[in-house]
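Below: one structure, written as structure tokens.
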Amino acid sequence: MHVNEYQVICLPQRYPEDQLIFLSKFRMSAKKLTRAAIERVKPNPNKRREIPDGLVPGLYLILQPSGKKSWAVRYRAYGKPKKLTLGPYPVLGLVDAREKARDALLIKDKGDDPALVMERERALQRVAAKNTFEAVVAEFIERYAKPKNRTWSETERIFKRYVTPEWGARPLHSITRRDVVCLLDRIEDHSGIHMANRVLAAIRKLFNWSMSRGTIHMSPIGPGMARGVETRRDRILSDEELTALWRSSEAESYPFGPFIQIIALTGQRLREVSGMKWSDIEDLEGKEPVWTLSAQSTKSKRVHRVPLPRMAARILKSVPKFDKQDLVFSTNGKTPISGFSRFKRRLDQKSVVNDWRFHDLRRTLATGLRRLGEDRLTVSKILNHADPDITGVYDRYTADKEKRRALNKWARHIESLISDTSDRKVVKLHG
């Protein structure tokens, strides 16, 4: 029997042994497929065609009535005829199709079913894709950090800035202790001990959470990986530095200029001020405006009332409002401002004030109020610090009157520093 290279093989879904014998004899007469032959072959609009390759037994070019082409391998496994689809043509070319067919037949020769083996491999790939470091971080932020941590956005920022660019595509289980050590070394060299330890804390939580869910069996984080002893900061801005920062902030447009001025005037935390809402401010047009922070928005998890000095109220009344949006400081009205590092770099260049952090403004206010004669309890109330004394558990007095007096005194001090009047009286707090 003579068969040309375009002879159609039509096999039922389950074909008997004599057809397999016929197929074997037919394969011996099949011609080697070429790219040109594949391009020339025409579809039969009435039926599907299978064109064998004379070079690799079992490899077929499948030609649909529509003209679409693909590759498949026919073989026997566990005593039954099987078919494995390899991929579409021309996405999968002739050379690659032969390579994949040989791999499949090699698996068959070892006594396994290539289709089942490849399905297991695809399943493992799907699991690996779901368990990449980047994917696990995203799930960790949504399922753990957001519900349990008010400062989840800072944790997310740490991963995006320092960790995910290094490990993003890697399976979580592939990250070793040596990987962690090398990462922390680089962060310590470029960003200091403090940031290296913040990254370590975030990574440790991620791996512990992943172990609790069965994603991994062991964490690469071990004892003794913290980077030295962090020295407690005692940086306080001098009057000259505070003045320089304020004047530089005046050159900044909304939202960053007014934003840092409110921090300097109230001493509240960066994230608390960035999340300030109009609905939380009472009597802004009146004589005693007050900003009330909910327990969910404060680090101490307590409701906190901040009497706004007149200077702060004037600043807030001057900022624009987004239509039907509640955030005070925002670039789109929907999310709090971000990009603090870029803003601080601009402020550093304009003010020529070095080696300071936003949190130092909070310390400067606290120290300044003490030197202006305010008692420690009032300062603590302004900062919303937890009272370690047993009376602090029962004392629910908000001290609004005392806090307003102290914050107005601090605002007058700042006004005296930035005033252009040459004969102003300045109370020196530093130096």
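Things worth noting here:
- Against the numbered list (1) assigned to a helix (DSSP H, G or I); (2) under 20 Å from Arg412 (Cα atoms), Phe343 comes up short only at (2).
- Residue check, Lys317 touching a residue at least 12 places away in the same chain (Cβ under 8 Å), of a type in the set (D, E, K, R), outside any helix (DSSP H, G or I) and surrounded by fewer than 18 Cβ atoms within 10 Å (Cβ to Cβ): no
- Qualifying residues in segment 51-85 (those that are free of Cβ contacts under 8 Å to residues at least 24 places away in the same chain and crowded, with 17+ Cβ neighbours inside 10 Å) - the one farthest from Asp113 (Cα to Cα): Leu63
- Some residue of segment 288-296 being surrounded by 14 or more Cβ atoms within 10 Å (Cβ to Cβ) and within 27 Å of the chain's Cα centre (by Cα): yes
- When the residues of segment 14-31 are filtered to those that are surrounded by 16 or more Cβ atoms within 10 Å (Cβ to Cβ) and part of a loop (DSSP other than H, G, I, E, B), the one that is modelled with the lowest pLDDT is Ala30.
- Taken as a whole, the structure leaves Leu55 outside the set of residues that are farther than 30 Å from Ala202 by Cβ, touching a Ser or Thr at 6+ places or on another chain (Cβ under 9 Å) and aliphatic (A, V, I, L, M).
- Total residues in segment 320-333 satisfying the condition of being in contact (Cβ under 8 Å) with a residue 12 or more places away in the chain and not aromatic (Phe, Trp, Tyr): the figure is 7.
- For segment 147-194, the candidate set comprises residues that are among the aliphatic types (A, V, I, L, M) and exposed (fewer than 15 other Cβ atoms within 10 Å of the Cβ); within that set, the residue that is nearest to Thr298 (Cα to Cα) is Val181.
- Checking Leu11 against (1) part of a loop (DSSP other than H, G, I, E, B); (2) under 21 Å from Lys108 (Cβ atoms); (3) modelled with pLDDT of 90 or more, the condition it does not meet: (3)
- Only one of Ala115, Ala101 that is out of contact with any helix residue (DSSP H, G or I) (no Cβ under 9 Å at 6 or more places or on another chain), surrounded by 14 or more Cβ atoms within 10 Å (Cβ to Cβ) and either among the polar types (S, T, N, Q) or over 19 Å from Val199 (Cβ atoms) (or both): Ala101
- Scanning segment 331-363 for residues that are touching a Ser or Thr at 6+ places or on another chain (Cβ under 9 Å) and either of a type in the set (Ser, Thr, Tyr) or outside the structural domain of Leu383 (by TED's automatic domain parsing) (or both) returns Thr331, Ser338, Ser351.
- The set of residues in segment 355-376 that are charged (D, E, K, R), in contact (Cβ under 8 Å) with a residue 24 or more places away in the chain and assigned to a helix (DSSP H, G or I) comprises Asp360, Arg362, Arg363, Arg371.
- Listed by position, the helices (runs of 4 or more DSSP H) contained in segment 187-288 that have at least 1 residues being aromatic (Phe, Trp, Tyr), farther than 23 Å from Arg412 by Cα and at pLDDT 90 or above are 193-212.
- Picking from residues in segment 226-262 that are β-branched (Val, Ile, Thr) and surrounded by fewer than 21 Cβ atoms within 10 Å (Cβ to Cβ), the one that is nearest to Ser351 (Cα to Cα) is Thr243.
- The residues of segment 176-186 that are assigned to a helix (DSSP H, G or I) and of a type outside the set (A, V, I, L, M, F, W, C), listed by number, are Arg177, Arg178, Asp179, Asp185, Arg186.
The values are calculated or read from the model by the stated rules, or taken from the named source; none is laboratory data. All values reported here derive from a predicted model rather than from experimental measurement. Reconstructed Cβ throughout: ideal geometry from the backbone, glycine too, with neighbour counts over all protein chains shown.
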